[in-house]
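Written below as structure tokens is the structure these notes are about.
The values are calculated or read from the model by the stated rules, or taken from the named source; none is laboratory data. Predicted model, so just to flag it, every value in this text is computed and none were measured. Every residue, glycine as well, gets a Cβ built from its backbone with ideal geometry; the counts of neighbours run over all protein chains shown. Areas reflect the complete protein model, heavy atoms only, side chains present, ligands, DNA and RNA absent. Shrake-Rupley method; radii C 1.70, N 1.55, O 1.52, S 1.80 Å.
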Amino acid sequence: MADGSSSLAHSPAPALLRHDWSVAEIQSLLNLPFPELMFRAQATHRATFDPTEIQISTLLSIKTGGCPEDCAYCPQSIVHEDSVKAEKLMAVEKVLEEARKAKAAGAGRFCMGAAWRSPKERDLETVCAMIEGVKELGLETCVTLGMLDDSQAMRLKDAGLDFYNHNLDTSPEYYGEIISTRIYQDRLDTLASVRDAGINVCCGGIVGMGEGETDRAGLIASLANLPAHPESVPINLLVRVEGTPLAKADEVSPLDFVRMIAAARITMPKSRVRLAAGRENMTDETQTLCFLAGANSIFYGERLLTTPNPQAQRDRALLQNLGMHTTGIGL
């Protein structure tokens, strides 16, 4: 992997942090001529980050299936046909074994996901033990456990949690088309509890669920107008899973997806913008354009919860070919 060079970063003036983006403004960004959009995104990116640096995270499903929510994209929901089999919460030592493998493979952050509406007390104790163990390995920790209240967020903070993932998924207006078992404000309330506890926020959304351009702009606006920008912003490309209501959703143009990455970068200049679900179906060229548009984080490993992810060897080859380097342990 190429060595990083600080001389490659920080040449333009830092972008101003805003929390008052209108949907119309973001639609205008998305509709810019592609070269102009990429130029603005790259200039914003270089003002804060080394443009050759990629942060690596690994995501493990610590409790799969059996979720009572009805998210239309998710095969872990019990309400969908052919949903994945419900499994028990993994043992702490098994999770730590996977964390050691992730660290050896180059991950700097270890993310743990559980298919819950919200965690139960006994399960939260076990997750806290996982967090403590992963921290002892020298990895950053992230969990996604569903909705939290203030006291649960503080428990996780006391265990040493670095990041909490809770995506907005889509715009407020389109949200009801995707999920009926909770409302948008439930998402925002959990994010507020996490932020109040002093935990970093990982929050993004999904592209390709049948939403229109206004909804895509609305998602970016909702993220960029949070009281503080999420430290990590995963932009997911829908993985169409048989047995879910979105199994036959239309494909998203690769350039339209790149435009979403660019809009996230411009509106949230200091956030890590992550390529998350859907990379398995992206060409190397599409991923390269995403990096040029300001994506500077990927999930690394063979699976993302229950869906495939590019093989590690492919990722290493792509980053090597691009002359990119990774944060933390080198690949």
Study note, to complete from the structure: Matching residues in region 234-277 (β-branched (Val, Ile, Thr) and open to solvent by less than 10 Å² (accessible area, probe 1.4 Å)) number 5
Review point. Pairs under 9 Å by beta carbon, first residue closer than 13 Å to Tyr300 by Cα in region 312-323, partner among the basic types (Lys, Arg), six or more apart or different chains?
Key: Asp315/Arg279
Point to revise | Neighbours by Cβ (under 7 Å, 6+ apart or cross-chain): first from region 273-299, over 20 Å from Pro51 (Cβ atoms); second among the aliphatic types (A, V, I, L, M) and in a helix (DSSP H, G or I) | key: none
Exercise for review: Determine the pairs where a residue that is within 14 Å of Gly176 (Cα to Cα), located within region 207-225, has a partner that is in a helix (DSSP H, G or I) and at pLDDT below 95 with Cβ atoms under 6 Å apart, the partner being 6 or more residues away or on another chain.
Suggested key: Met209/Ile178
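Yes/no matrix, rows are residues, columns are (1) closer than 27 Å to Arg272 by Cα; (2) among the hydroxyl-bearing types (Ser, Thr, Tyr); (3) in contact with a strand residue (DSSP E or B) (Cβ under 9 Å, 6 or more places away or on another chain); (4) touching a residue at least 40 places away in the same chain (Cβ under 8 Å):
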| site | (1), (2), (3), (4) |
| --- | --- |
| Gln27 | yes, no, no, yes |
| Leu30 | yes, no, no, yes |
| Gln42 | yes, no, no, yes |
| His45 | yes, no, yes, yes |
| Ile56 | yes, no, yes, yes |
| Glu69 | no, no, yes, yes |
| Val92 | no, no, no, yes |
| Lys103 | yes, no, yes, yes |
Review point. Could we say that Ala153 is open to solvent by less than 10 Å² (accessible area, probe 1.4 Å), farther than 22 Å from Ala295 by Cα, small (Gly, Ala, Ser) and in a helix (DSSP H, G or I) here?
Key: yes
Study note, to complete from the structure: When (1) at pLDDT below 95; (2) among the aliphatic types (A, V, I, L, M); (3) closer than 24 Å to Glu140 by Cα are applied to Leu223, the one that fails is (1)
Practice item. State whether one or more residues within region 76-87 are modelled with pLDDT of 80 or more and touching a Ser or Thr at 6+ places or on another chain (Cβ under 8 Å). Key: no
Review point. When the residues of region 191-212 are filtered to those that are touching a helix residue (DSSP H, G or I) at 6+ places or on another chain (Cβ under 8 Å) and farther than 20 Å from Leu30 by Cβ, which remaining residue is surrounded by the fewest Cβ atoms within 10 Å (Cβ to Cβ)?
Key: Gly198
Practice item. Scan region 173-181 and give yes if some residue there is at pLDDT below 95, in a loop (DSSP other than H, G, I, E, B), over 18 Å from Asn225 (Cβ atoms) and open to solvent by 40 Å² or more (accessible area, probe 1.4 Å), otherwise no. Key: yes
Review point. Of all the residues that make up region 131-177, how many are without any contact (Cβ under 8 Å) to a residue 24 or more places away in the chain and farther than 11 Å from Ala197 by Cβ?
Key: 3
Review point. Has region 98-120 got at least one residue that is over 21 Å from Asp70 (Cβ atoms), more than 22 Å from the chain's Cα centre (by Cα), acidic (Asp, Glu) and modelled with pLDDT of 85 or more?
Key: no
Point to revise | The listed residue being in a helix (DSSP H, G or I), buried (at least 19 other Cβ atoms within 10 Å of the Cβ), at pLDDT below 95 and not hydroxyl-bearing (Ser, Thr, Tyr), out of Arg187, Arg216 | key: Arg187
Exercise for review: For residues that are hydrophobic (A, V, I, L, M, F, W, C) and at pLDDT 95 or above, scanning just region 278-303, find the one that is most open to solvent (accessible area, probe 1.4 Å).
Suggested key: Leu292
Practice item. Would you check if Met112 is outside any loop (DSSP other than H, G, I, E, B) and crowded, with 21+ Cβ neighbours inside 10 Å? Key: yes
Check your understanding: Which ones in region 117-143 are among the basic types (Lys, Arg) and in a helix (DSSP H, G or I)?
Key -> Arg122, Lys135
